[in-house]
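This report refers to the structure that appears directly beneath it.
The values are calculated or read from the model by the stated rules, or taken from the named source; none is laboratory data. It should be emphasised that the depicted structure is a prediction, and the values quoted were computed from it without experimental measurement. Ideal geometry is used to build each Cβ from the backbone, glycine not excepted, and the neighbour counts take in all protein chains shown. Side chains included, ligands, DNA and RNA excluded: accessible areas come from the protein's heavy atoms. Shrake-Rupley method; radii C 1.70, N 1.55, O 1.52, S 1.80 Å.
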Amino acid sequence: MTSFDVIAIGGGHNGLVAAATLAKAGRKVVVLEAASAVGGAARTEEFAPGFRVSAVAHLLNRLHPDVVKTLELEKHGLQFARTDFLPSVALSTGGPALVLYGAYGEVLTGASSAEQSAWKELRAQLLRYAGILKPFLSRRPPDLAGMSFKETAALGQAALSLKKLGKEDMRDFLRVLLMNVADLLDEQLADDRLKGLLAFDATLGSHLGPRSPTSLLGLYYRLAGEAGGAAGAQLLPRGGMGAVVTAIRAAAEKAGVTIRTSISVAKIIVENGRAAGVALDNSEVLRARTIVSAINPATTLLDLVGPREIDTGFLRKVKNIRMKGDAAKLHLALDRPPQFTGADAADHKGRLVIAPSPDHVERAFNPSKYGEFSPEPVMEITLPSLADPSLAPSGACVLSAVVQYAPYQLKDGWNAGKPKLLKAIMAQLESYAPGIGKTVQHSELLTPVDIEARYRIPGGHWHHGELQADQMLISRPVSGWSGYDTPLDGLFLAGAGSHPGGGVSGAPGLNAARRIIAMKG
Ligand SMILES: Cc1cc2nc3c(=O)[nH]c(=O)nc-3n(C[C@H](O)[C@H](O)[C@H](O)COP(=O)(O)OP(=O)(O)OC[C@H]3O[C@@H](n4cnc5c(N)ncnc54)[C@H](O)[C@@H]3O)c2cc1C
């Protein structure tokens, strides 16, 4: 039987990044994936005959440059040009759309000249402030109790970049850091369409409305990411998100990683307080010195390790991780491309956002607090087959949309609620793209409960755990254990539930692998 140094649980993109990085550092690694294909929520799948789509995540806006470099993803087929950057189109039923072109609105059109100047200033400020948080994405959060020299130096560097902002900016950074996004937008902008778009982006993937305290942090997280070398840029990978995973998989296999699919880990074997191997659902047992779990932290610790092996204080923290998703995914197979009011042909290839004002986003959020959804959901729409005709039959069109807020625990249950949400979404789409309903050949709506079941993501949560102030940085996944280690020697975490969080970034996987390498694991 082949023996391995490292067993990676979960072949999502983070599991593959961790495995590839460890293999490149000389470890013999096996990845165990429960589904029949790797990629997790970053797969491309056929949802109707001849129609393929990015099954959950559809926009690439934070694949970490260190991941691209370390795994030489460009050599493995991942290449993007500046011309691929997508515009963000703030749709409106009553007139032309407002459009942010380039990397997060280098150019703004459809707004007054006063609004354009205000946006230029705000954009620069947001990018400057997000830039302070950026270095934290690619390293372990500082261990405040026992900081190493390297960690102290890194923290010092962050303090230095804060100082470099200048006195006024530094004060303002600290003033706004924990603000709600709606208040900041009201301070600086006037156009509801622009404010609605930014409020949507700040709250996407989280259980927050634009008026919830700290909601601005979501926008910083978004802008600390980059694509194609530009902060805030977004791309639609050709072939869907699965193409990104194909490149990561190729890098992993080139480095010698063994990948096994359709094999689920049922248990992590613990011997003398140390993770020693895994038991699979087919009763097979594999042993290794290091186990890296790139699935949800709570599943790893509560289900695979089990409460008997874990100290009660730690157990309580893990049980308290909030991770009830609010984002649903809609896929439509359309006879022909839809026509959104006020958007030109080029805009249709971009990201079309229905979030007409921060108040509208807030009103869409409010019912989710009580297990209900709004009759007017907010959403981010892409039509990926316009730029990549391989995704749909000739002349037809794929629509992919992320819809909020669809609470995981719907009061009436999702069996009854799903057709009602679909109806509400279609009504909303119809008012922005009249006639779209008549062109639908097939629809697929994935609620957080569907995402949980199909992709094994507890709560169907975007980040495998809320990414809010109390579950970020040194508190992610739980306070005291933010650096990929766990109380069990030999067991590490590497998925979106770890620092810095979710999105197709590969950062948790890379950081975890670096930690294991530093520990000589
Ligand atoms: C509706 C929605 C839309 C999103 N849109 C975007 C977007 O446009 N852009 C973006 O960047 N991000 C987006 N995200 C977030 C992004 O999809 C995730 O944060 C990211 O895919 C997480 O990657 P991961 O590798 O950490 O985990 P996952 O992708 O969840 O992978 C984990 C893998 O582990 C496997 N697994 C689980 N349990 C076991 C087990 N016991 N044994 C073996 N294998 C197991 C699973 O099958 C899965 O393949 C979205 C999320 C949602 C919910």
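Structure above, values below:
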{"item": "Out of Glu430, Glu380, sole residue that is under 17 Å from Phe340 (Cα atoms) and out of contact with any strand residue (DSSP E or B) (no Cβ under 6 Å at 6 or more places or on another chain)", "result": "Glu430"}
{"item": "Filtered residue count, the stretch 43-61, keeping only those that are touching a strand residue (DSSP E or B) at 6+ places or on another chain (Cβ under 7 Å) and under 30 Å from Gly229 (Cα atoms)", "result": "11"}
{"item": "Residues located in the stretch 173-211, provided they are part of a helix (DSSP H, G or I) and open to solvent by 30 Å² or more (accessible area, probe 1.4 Å)", "result": "Leu174, Arg175, Asp183, Asp186, Glu187, Gln188, Asp192, Arg193"}
{"item": "Number of the exception - Tyr484 against (1) touching a helix residue (DSSP H, G or I) at 6+ places or on another chain (Cβ under 7 Å); (2) away from the ligand (no atom under 11 Å from the Cβ); (3) of a type outside the set (Asp, Glu); (4) more than 27 Å from Leu178 (Cβ to Cβ)", "result": "(4)"}
{"item": "Breaking point among (1) within 30 Å of Asp183 (Cβ to Cβ); (2) among the β-branched types (Val, Ile, Thr); (3) free of Cβ contacts under 8 Å to residues at least 12 places away in the same chain, for Thr312", "result": "(1)"}
{"item": "Residue that is least open to solvent (accessible area, probe 1.4 Å) [pool: residues in the stretch 430-442 that are among the hydrophobic types (A, V, I, L, M, F, W, C) and not in a helix (DSSP H, G or I)]", "result": "Ala433"}
{"item": "Single condition Gln157 does not satisfy, out of (1) assigned to a loop (DSSP other than H, G, I, E, B); (2) under 24 Å from Lys69 (Cβ atoms); (3) without any contact (Cβ under 8 Å) to a residue 40 or more places away in the chain", "result": "(1)"}
{"item": "Any chance Ala427 is modelled with pLDDT of 95 or more, within 16 Å of the ligand (Cβ to nearest atom) and in a helix (DSSP H, G or I)", "result": "no"}
{"item": "Matching residues, the stretch 56-82, being within 29 Å of Leu399 (Cβ to Cβ), surrounded by fewer than 23 Cβ atoms within 10 Å (Cβ to Cβ) and of a type in the set (D, E, K, R)", "result": "Arg82"}
{"item": "Matching residues, the stretch 495-511, being near the ligand (Cβ under 6 Å from one of its atoms), out of contact with any Ser or Thr (no Cβ under 9 Å at 6 or more places or on another chain) and under 15 Å from Met472 (Cβ atoms)", "result": "Gly502, Gly503"}
{"item": "Candidate set from the stretch 218-246 (those that are assigned to a helix (DSSP H, G or I) and open to solvent by 20 Å² or more (accessible area, probe 1.4 Å)); member that is farthest from Val99 (Cα to Cα)", "result": "Thr246"}
{"item": "Among the candidates Val285, Val265, residue that is in contact (Cβ under 8 Å) with a residue 24 or more places away in the chain and of a type in the set (Val, Ile, Thr)", "result": "Val265"}
{"item": "Hits in the stretch 459-481 - residues which are of a type outside the set (Lys, Arg), within 16 Å of the ligand (Cβ to nearest atom) and not in a helix (DSSP H, G or I)", "result": "His461, Trp462, His463, His464, Gly465, Glu466, Leu467, Gln468, Met472, Pro477"}
{"item": "Single residue of Val53, Val31, Val38 found to be more than 21 Å from the chain's Cα centre (by Cα), crowded, with 20+ Cβ neighbours inside 10 Å, within 16 Å of the ligand (Cβ to nearest atom) and of a type in the set (Val, Ile, Thr)", "result": "Val31"}
